[in-house]
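Reviewing the structure listed below.
The numbers here are math on the coordinates, done by the rules we state, and not lab data. For clarity, every value in this text was computed on a predicted model and none was experimentally measured. Please note: Cβ atoms are built from the backbone with ideal geometry, for glycine as well, and neighbour counts cover all protein chains shown.
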Amino acid sequence: MLTSWLLAALPILLLVVLILGFGWSAARAGPAGWLAAALVAWLSYGARADVLAVAQAKAFFLAVDVLLIVWSAYLLYRVVDEAGGVATLAAALPRLTPDRGMQALLIAWAFASFLQGVGGFGVPVVVTAPILLGLGFDPVTAVVAPSLGHAWSVTFGSLGSSYQALIGASGVPGPVMSAQSAALLGAACLVCGAMVLHVVRGRLRLLLPLVLMGMAMAATQAALAVGGVWHIAGFGGGLAGLAVGFVLARSTRRPSEPPGAAIVPLRLVALALTGYALLVVITLAVQFVEPLRAALGSVVVQAHFPVVATGLGVQTPAEPGKSLVLLRHAGAILVYASALTYFILRRAGVMPRRAAGRIAVDTARGVLGSSIAIISMTAMVTVMAHAGMTDVLARGLAQASGAAFPLVAPWIGALGAFVSGSNTSSNLLFGMLQRRTAEVLAISVAWILAAQTAGGAIGSVLSPTKVSVGALSARGASRPPGTLRGSDRAASRGEAEGPAADEEGRIIRSLLRYAAPLLLGLGVMTALALAGGGG
Amino acid sequence: MNGAPGARSRQRLQAGALVILLTASALEIWAVGGGLGTLRDGLLVTIALTMIIAAARG
């Protein structure tokens with residue numbers, strides 16, 4: 001039994017060892033994990049070619065479902081960034097208030113969360129750390145504060161790609177677990193804000209802005225997620241926090257305080273937000289205007305898969321694969337928003353010449369590594385599920401943890417994200433395992449999956465890849481804030497190399513001090529919700 | 001960093017691997033649906049070889 005469990009765990013253990021022990025990227029370790037899964041499935045679990053082929057074919061649909069969002073989310077971010085939109089917002093925010101605590105709440109919490117909502121890929125820390133450094137925060141604080149500040153918005157961030165991955169990997173429909181996920185992440189939002197305030201030693205009088213901004217972000221994210229438009233829930237929450245923070249910063253400024261230096265023209269701020277405003281309008285139109293919804297729902301790609309069984313008798317019944325409604329997909333909506341934004345910004349005269357080529361090349365380069373990691377890890381977990389390995393792992397976990405499993409679930413999510421540097425990868429890796437374990441224990445699958453993704457969100461900001469990206473951006477912060485240039489973009493894709501600076505160890509230790517109690521709290525919340533009969 | 005020859009070569013390799021993995025997996029749908037055993041096995045071997053190269057050189 002133990003040998004069988006260890007063999008089932010081998011692909012995941014191999015991933016952990018290769019990434020943490022040997023410093024491999026997720027794009028290299030993912031394929032190695034797939035190979036291990038395929039070999040174990042074939043040699044020990046009796047999965048023949050038909051089982052592996054069906055698993056691979058199903059993985060294609062799951063991976064494409066996530067990749068469409070990842071690719072197009074990065075595209076929209078690059079369109080806005082190329083026109084100087086991110087730099088404009090980054091320049092405007094510090095001028096709102098001279099209070100360092102309020103600056104930290106606005107930049108390291110609300111703005112970083114907004115950036116996570118629209119971009120991800122390490123962008124929140126890469127953009128905000130140099131701004132904080134420029135405002136006089138020390139380098140460790142400049143990385144730790146935004147790392148903690150945006151953690152809560154990772155799941156519904158990157159235009160919902162992590163949540164889409166959870167839906168695909170677990171097979172549980174999004175609406176079933178959106179309220180639970182939003183509840184855990186909403187609580188984490190307030191805690192993340194308090195942590196930011198603690199990191200920068202903000203004044204106690206900022207507790208009111210903290211609560212108001214936190215409630216606005218958590219409530220907006222929850223409303224959008226439960227309303228079924230989860231790909232805009234993360235950035236909607238961040239935007240709500242920015243709006244409330246803007247009003248509070250203006251209204252609480254004392255007359256004796258300086259109003260700030262040169263003002264960023266309102267037209268530029270409006271243009272910087274155009275892409276995201278268009279995204280909201282298009283998303284709501286596609287969701288709620290029935291003729292448009294019906295018209296865009298005409299192209300559906302779906303396949304039917306035959307029944308397959310392993311030599312050990314594990315049978316996967318014939319079933320339709322995941323359906324992709326191509327023209328109504330979140331990825332397609334992002335492409336519509338990107339194209340419209342590009343033309344509007346070009347007509348407004350803020351898009352540089354030959355920007356389209358740069359945007360296309362940079363987007364392609366920016367998503368390559370994560371795309372390989374996503375497709376290989378998706379295929380790995382699909383092979384494991386079809387071979388019966390996930391079931392063996394789940395039964396072992398259920399037996400070992402028993403009633404304490406709700407406390408363990410967020411840590412599993414965090415481990416996956418810590419190792420891979422991605423909430424999306426963690427959900428792909430562990431979504432089905434968490435679901436099966438919950439089913440074996442006969443507890444709410446929705447709450448356990450919410451704990452998985454909330455833990456994954458927190459764990460992702462602890463990953464060595466993201467920490468070194470943040471440290472690198474803080475080190476090279478002598479240029480104008482908010483601009484992503486060559487080396488930073490490479491860094492945001494996890495390609496940073498070179499000697500690790502001393503501060504990286506201090507950053508990880510500091511992040512761990514805050515993240516461990518948060519993960520513990522998420523586990524307790526999950527356990528309490530289950531004890532209270534939460535479904 | 002993007003301009004370094006090592007990084008460019010890695011990006012080309014990753015791009016090639018991604019195209020092969022996506023194409024082979026998509027064709028696998030057709031192979032398993034149509035009961036084409038030889039094609040199915042050939043595609044699996046292609047995917048395995050691509051994964052080996054991506055792990056070793058990616």
Quiz item: What is the fewest-to-most order of A:F288, A:F137 by other Cβ atoms lying within 10 Å of their Cβ?
Solution: A:F288, A:F137
Quiz item: When a footprinting reagent is the concern and you count Cβ atoms within 10 Å, what order do A:F22, A:F430 take, fewest first?
Solution: A:F22, A:F430
Exercise. Using only atoms on other chains, find how many Cβ atoms lie within 10 Å of each Cβ of peptide A:377-383 and report the average.
Key: 1
Quiz item: Packing-wise, with mean Cβ within 10 Å as the measure, how do A:63-75, A:359-371, A:153-165, A:231-243 rank, highest first?
Solution: A:153-165, A:231-243, A:63-75, A:359-371
Quiz item: For the stretch A:402-457, what value does the Rg/Rh ratio take when both radii are computed over Cα atoms and Rh is the Kirkwood radius, given to two decimals?
Solution: 0.95
Quiz item: Which length gain, in nm to one decimal place, applies between B:L49 and B:W30 when the Cα-Cα distance is subtracted from 0.36 nm times their residue separation?
Solution: 4.8 nm
Quiz item: Just going by the charge dipole of the protein assembly as shown, with Lys and Arg at +1 and Asp and Glu at -1 on Cβ, which of A:A417, A:G193, A:Q302 is farthest out on the positive end?
Solution: A:G193
Practice problem: Given the peptides A:385-391, A:310-316, arrange them by the average over their residues of other C-beta atoms within 10 Å, most packed first. | Solution: A:385-391, A:310-316
Quiz prompt | Cα centre as origin, Lys/Arg/Asp/Glu Cβ charges: chain A dipole, Debye | solution = 1140
Self-check item: Choice from B:G42, B:G33, B:G16 showing the highest fluctuation, given a GNM over chain B with Cα pairs closer than 10 Å
Solution: B:G33
Quiz item: Where does the protein assembly as shown land on Rg(C-alpha)/(2.2 N^0.38 Å)?
Solution: 0.92
Quiz prompt | Mean separation of Cα contacts under 8 Å, 6 or more apart, over the residue count of the stretch A:2-531: relative contact order % | solution = 26
Quiz item: Given a Förster distance of 22 angstrom, what is the FRET efficiency for A:L20 paired with A:R506, based on the Cβ-Cβ distance and rounded to 0.05?
Solution: 0.70
Practice problem: Under 15 Å from a label point 7 Å along Cα→Cβ of A:R48: give me every residue in the stretch A:309-330 with its amide N that close. | Solution: A:309-316
Quiz item: Quick one: A:F305, A:F343, fewest Cβ neighbours within 10 Å first, how do they rank?
Solution: A:F343, A:F305
Self-check item: FRET efficiency for A:L312 and A:L212, using Cβ-Cβ distance with R0 set to 60 Å, rounded to 0.05
Solution: 0.60
Quiz item: Given only helices, namely DSSP H runs of n ≥ 4 each adding -39500 (n - 2.57), what is the per-residue ellipticity at 222 nm of the protein assembly as shown, to the nearest 500 deg cm²/dmol?
Solution: -24500 deg cm²/dmol
Quiz item: Looking only at other chains, what is the average number of their beta-carbon atoms within 10 angstrom of each beta-carbon in B:23-30?
Solution: 6
Exercise. Please average, across the residues of A:447-456, the number of beta carbons from any other chain that are within 10 Å of each residue's own beta carbon, and give a whole number.
Key: 0
